[in-house]
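Here is the structure we will look at, set down as structure tokens.
The values are calculated or read from the model by the stated rules, or taken from the named source; none is laboratory data. Just so it is clear, the structure is predicted and the values come from calculations on it, not from any experiment. Counting neighbours? That spans all protein chains shown, and the Cβs are built from the backbone with ideal geometry, glycine included.
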């Protein structure tokens, strides 16, 4: 073997086949290539198996502990080392109980509540818009226009005067009979006829007598109100404010301030839906701008009895009760002959 052949044999003996590519020498023989591929395959398989075992161990641990809070504090360092915080968070995300979120019943319930809330908001908004429209329409009127409308209302009240006078006389008669019947019952101990519900020697019922003989007084609103424009105040009214305002939400209950008999409502359009009550002292009260009333002409009422609800009907600046008081002999609805209703309330002992 010559020198060149010896050098090649020695170099081949020193070659590391794992570094064949780096050395840039000629490719080894078929047998050696097979050995190299087999070695690499064993390494890849080993790495794959190790990775799979580690992943299975991690998820087995996470699944077994999914219902508990993993302690990764300084008091349990092994847990922190075994399961990193990021892995714990990921596992908790993956195994979180989402049954409530995907429950059909829960979804339906939440949807129903949302729709109900939205409907309630719509109703409140609609009422608010109606009130705002009424306020805007009235406040945009000129003083001359307001005075013209009130003059027309006073013509209607004049035309109604005879009817209201007759009703007031009938109410006075019933009030007097009730007073006499109550006094007689007190003195003699007489009782009502259980079959007819009428008091002996009288054409009014026990309920009427009880209502009309009730004394004392009540505020027209009992809650949810504030004191508004007062009697005699000047401003956005035709001449001056002819009653006492009690601003309150639409639907707030309104009560009779004293016992009496319900008369026909005033024909004046400014008052909207209203109730007029003739009282035992001969005076009358008027409750204006109601959304609804629950008493009728000829009915008797006692102090604090429900008669209607706050609204924005008629010519109103917004939801409120406008109350007026008329002394004996004054036709209810003749606003410029009205007196201060707060003085009347004080005379009833209402503060």
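Candidates are the residues of segment 201-232 that are over 27 Å from residue 339 (Cβ atoms) and part of a loop (DSSP other than H, G, I, E, B); the one that is farthest from the chain's Cα centre (by Cα) is 201.
Scanning segment 257-269 for residues that are within 21 Å of residue 165 (Cβ to Cβ) and surrounded by 20 or more Cβ atoms within 10 Å (Cβ to Cβ) returns 258, 259, 260, 261, 262, 263, 265, 266, 268.
Being surrounded by fewer than 17 Cβ atoms within 10 Å (Cβ to Cβ), at negative phi, free of Cβ contacts under 8 Å to residues at least 60 places away in the same chain and in a loop (DSSP other than H, G, I, E, B): is that true of residue 249 here? Talk me through it step by step, then tell me what you get.
On the way: surrounded by fewer than 17 Cβ atoms within 10 Å (Cβ to Cβ): yes; at negative phi: yes; free of Cβ contacts under 8 Å to residues at least 60 places away in the same chain: no; in a loop (DSSP other than H, G, I, E, B): yes.
No.
Of all residues in segment 317-337, those satisfying the criterion of being within 14 Å of residue 286 (Cβ to Cβ) and surrounded by fewer than 21 Cβ atoms within 10 Å (Cβ to Cβ) are 327, 330, 331, 334, 336, 337. Of all residues in segment 224-245, those that are assigned by TED's automatic domain parsing to the domain that holds residue 338 and touching a residue at least 60 places away in the same chain (Cβ under 8 Å) have Cβ atoms under 7 Å from Cβ atoms of residues that are outside any loop (DSSP other than H, G, I, E, B) and surrounded by fewer than 13 Cβ atoms within 10 Å (Cβ to Cβ), 6 or more apart or on another chain, in 236/139; 239/336; 242/336. Only a single criterion out of (1) at pLDDT 90 or above; (2) in contact with a strand residue (DSSP E or B) (Cβ under 6 Å, 6 or more places away or on another chain) is not satisfied by residue 197, namely (1).
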